[in-house]
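First comes the structure, then the notes that go with it.
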Amino acid sequence: MQKRPLALALSLLVVLAAAPLAQQGDDINARIRKEGMDNSQIMQTMHQLTDVYGPRLTGSPNFKAAAEWAIAEMERWGMTNGHLEPFDFGHPGWLNEKASGHIVSPVKDNLVFEVLAWTPSTRGTVTAKAVQIDLPTRPTRDELTAHLAPFASKVKGAIVLAGAHVKVPFDETPAAKRRTDEEVLASIARGYLPGRGGRFGGPAPTPREGALSNDDVTIAVDAFLRENGALVRVNDAGRAHGQIRAFDNPTYDPATALPTVVLRNEDYGRISRLLAQGPVELEFTIVNRDYPEGRTSYNAIAEIPGSDKANEVVMLGGHLDSWHAATGATDNAAGVAVMMEAARILKAIGVTPRRTIRVALWGGEEQGLLGSKAYVAEHFGTAENPKPEFAGFNGYFNVDTGTGRVRMATVFGPKEAADVLSTAFRPFEDIGLMGAIPTNSRRSGGTDSTSFNAAGLPGIGFGLDPMEYGTHTWHTNLDTYERIVEGDMKKSAVAIAAAVYALAMRDEMLPRFPQETMPKPADQ
Ligand SMILES: [Zn+2]
């Protein structure tokens, strides 16, 4: 408790005693709103996470430096217990340092591409003929072997375009960038969180018997190209307007792959058409670096300590790691910055929460929710096999769908849990946060809140205005600071700060499924 002159303390007591409870809540919400709107640090946080430390590929030194910066920043804001919690990533870190590519004959021009993660460097500059091979869709292993055999002598010493050029159709009906209040309310009434507003590929069709997975095809083609002396593999980005999504070599082992780039669809098409007329020569220079110490990655943690319920916790966070084609602004520096800002606002207005408020910034999300899964297992266990901290858990707020303002939430738990959140959100309907719905799914996947759901704990995920997330920035070379919508980010931070504080102050815990009605784990 801060020291105050007695008279002031007494007069404050009188004022507080006279104010109805709701008014005190209104006062806190007004202070949260003012701090978040007038003194926001959110774009400064975004600048650090993207321009200074991006891309933040799991296992890379950039990732660890970003995590250390975030902890130092939160401690500078007055938060405590900042630390890194290690987990086993299991793969070396990897970063692309330099890459350039050109068409050198029959014309001269630059190529636009990204390097596939966990692939090797070229040996200096490689200049070679281009060879294109078509690839069958989901073949069996025997079919693929038979298909590739005639190319064995042709790919030697070549830069190989793997697959036919993708013809991207013109988009007549682009997805809406915002949802109306009516649409959000309809989603809440249906009890359904809509998708991310873009085209994420949809559910994979059921493969026929014996068909290889896409990863297995990639691995087999890589092995074939290496065995037969190809120099560089080129994949078609397959998206319009120069968008490139670059993921990883599925083995995470550069020794199993060859230098590999994802070339923008327009350049891939041009080379394909030129190859139909005659020889084409390409040139690539790629410098990648491995970081053996990246086998251990980290979650970054910092807290606002609680008071009379300090051993209970309300958590908020997002994944700090990103893919590498850009600086990972909307995926997911945005979610991290919103949650850091929510905690900063609470520190800045000087509240003392009853429960401990803990920010967690995860590693390894893009490779399978690795950091949050490890954290939940280490700290909480599961409903079936709980650790002592399981009992005092009061919810984990997560943002991971871009830069839009938060519109609705899902919470793993009974209807009463969603009602508590909806009540906390109500003062923020004017900025677009319309309510919460319950879910009883313990299936993990998509983002880190589901690691909590899977354990039987109340993970809280948000549906956002889609903005350009699914259509433009998600995992692409366009995911930069410039695509961040500051006003939306501020609104999200303010509303989440208020909801986190509300959960930290309630007499009762956030309602959870009792043992008798706890849904079965999804993997059983
Ligand atoms: Zn993400």
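Assorted remarks:
- Placing a label point 7 Å from the Cα of E293 along the Cα-to-Cβ direction, the residues of region 78-99 with a backbone N closer than 20 Å are 83-97.
- Cross-link reach is defined here as a Cα-Cα straight distance under 24 Å, omitting same-chain residues fewer than 8 places apart; for K156 the lysines meeting it are K108, K129.
- Of all accessible heavy-atom area on the chain, the percent that carbon and sulfur account for (1.4 Å): 53 percent
- Set of lysines with alpha-carbon distance to K520 below 25 Å, sequence-local pairs under 8 removed: K373, K387, K415
- Spin-label model, K98 to T256: label points 7 Å out along the Cα-to-beta-carbon direction sit 3.0 nm apart.
- Across the chain, the mean sequence separation of Cα contacts (distance under 8 Å, 6 or more residues apart), normalised by length, yields a relative contact order of 22 percent.
- When the Cα positions of W118, G306, I496 are compared along the charge dipole of the chain, I496 comes out farthest toward the positive end, with charges on each C-beta of Lys, Arg, Asp and Glu.
- Each Cα pair under 8 Å and six or more residues apart adds its separation to the average, and for region 369-524 the resulting relative contact order is 32 percent.
- Between A72 and T127, the contour length at 0.36 nm per residue exceeds the alpha carbon distance by 15.2 nm.
- DSSP beta bridge pairing in the chain, given as percent antiparallel to the nearest 5: 55 percent
- Sequence-distant residues sharing a close amide H with Y291 (under 5 Å, placed H): G93, W94
- Per-pair calculated FRET efficiency, R0 = 56 Å: L185 and R208 via Cβ, rounded to 0.05: 0.85
- Cα shape, region 404-458, gyration tensor, a/c 1.5 rule: oblate
- Charge dipole (Cα centre; +1 on Lys/Arg Cβ, -1 on Asp/Glu Cβ; no other charges) of the chain amounts to roughly 300 debye.
- Angle of helix 265-275 to the longest C-alpha principal axis of the chain, folded into 0 to 90 degrees and rounded to 10: 0°.
- Unit Cα scatterers, Debye sum, the chain: log10 I(q)/I(0) for q = 0.08, 0.11, 0.12 Å⁻¹: -0.56, -0.97, -1.11
- Between helix 6-18 and the chain: long-axis angle, C-alpha atoms, 0 to 90°, nearest 10: 80 degrees
- Once the 1.4 Å probe is applied to the protein heavy atoms, the chain comes out at 43 Å² accessible per residue.
- Computed from point charges on the beta carbon alone (+1 for Lys and Arg, -1 for Asp and Glu), the dipole magnitude for region 116-184 about its Cα centre is near 580 Debye.
The values are calculated or read from the model by the stated rules, or taken from the named source; none is laboratory data. What you see is a predicted model; the values in this text were computed from it and never measured. Neighbour counts are summed over all protein chains in view; Cβ atoms, including those assigned to glycine, are modelled from backbone coordinates with ideal geometry. Note: areas computed on protein heavy atoms with side chains; ligands, DNA, RNA excluded. Shrake-Rupley method; radii C 1.70, N 1.55, O 1.52, S 1.80 Å.
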